[in-house]
1. Conditions first: (1) under 12 Å from the mean Cα position of the chain (by Cα); (2) outside any helix (DSSP H, G or I). Residue 47 passes all but one, so which condition is the exception?
2. Does at least one position in the stretch 83-99 carry a residue that is assigned to a helix (DSSP H, G or I) and out of contact with any Ser or Thr (no Cβ under 6 Å at 6 or more places or on another chain)?
3. Can you pull out every residue in the stretch 52-69 that is in a loop (DSSP other than H, G, I, E, B) and either over 19 Å from residue 42 (Cβ atoms) or free of Cβ contacts under 8 Å to residues at least 24 places away in the same chain (or both)?
4. So, residue 38, is that one crowded, with 19+ Cβ neighbours inside 10 Å, closer than 17 Å to residue 7 by Cβ and either more than 10 Å from the chain's Cα centre (by Cα) or at pLDDT below 95 (or both) or not?
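The values are calculated or read from the model by the stated rules, or taken from the named source; none is laboratory data. Computed from a predicted structure; not experimentally measured. Here Cβ is always computed from backbone atoms with ideal geometry, including for glycine, and neighbour counts include all displayed protein chains.
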Amino acid sequence: MPTLDYREHLLEDLTDPDYAAGYLTAALEEGEDVFLLAIRDVAEAHGGIGRLAEGTLLNRENLYSMLSERGNPRLSSLMSVLRELGVEIQFRAKPRDTKAA
């Protein structure tokens, strides 16, 4: 029986906006560098950086740089990328620390 490798399966799953949103949320919890690389994974699942550049009107080379481990994207660029990928950022209150009495 043929099998899909992990990467192929991941990219297939990342075409689903709900799955992509969960993936990006988990990546952000791991750290900024992991989050930026996860955005690249989602972009690859949606046709690659070239297609993302067309959809966002951002320069392809700048996107590669922005979504690298050392990337430092502007918020406006990041929002444009996420919008094009069909996901959005949501904020929630951080749970307060509770101390036992």
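1. (1)
2. So the first thing to find is which residues in the stretch 83-99 are assigned to a helix (DSSP H, G or I), and the list is 83-84.
Now narrow it down to the ones that are out of contact with any Ser or Thr (no Cβ under 6 Å at 6 or more places or on another chain): 83.
There is at least one residue in the stretch 83-99 that is assigned to a helix (DSSP H, G or I) and out of contact with any Ser or Thr (no Cβ under 6 Å at 6 or more places or on another chain).
3. Across the stretch 52-69, the qualifying residues are 57, 58, 59.
4. no
One line per residue, one yes/no per condition, for (1) surrounded by 10 or more Cβ atoms within 10 Å (Cβ to Cβ); (2) at pLDDT 95 or above; (3) at positive phi:
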position	(1), (2), (3)
4	yes, no, no
8	yes, no, no
11	yes, yes, no
29	no, no, no
32	yes, no, no
43	yes, yes, no
47	yes, yes, yes
76	no, no, no
95	no, no, no
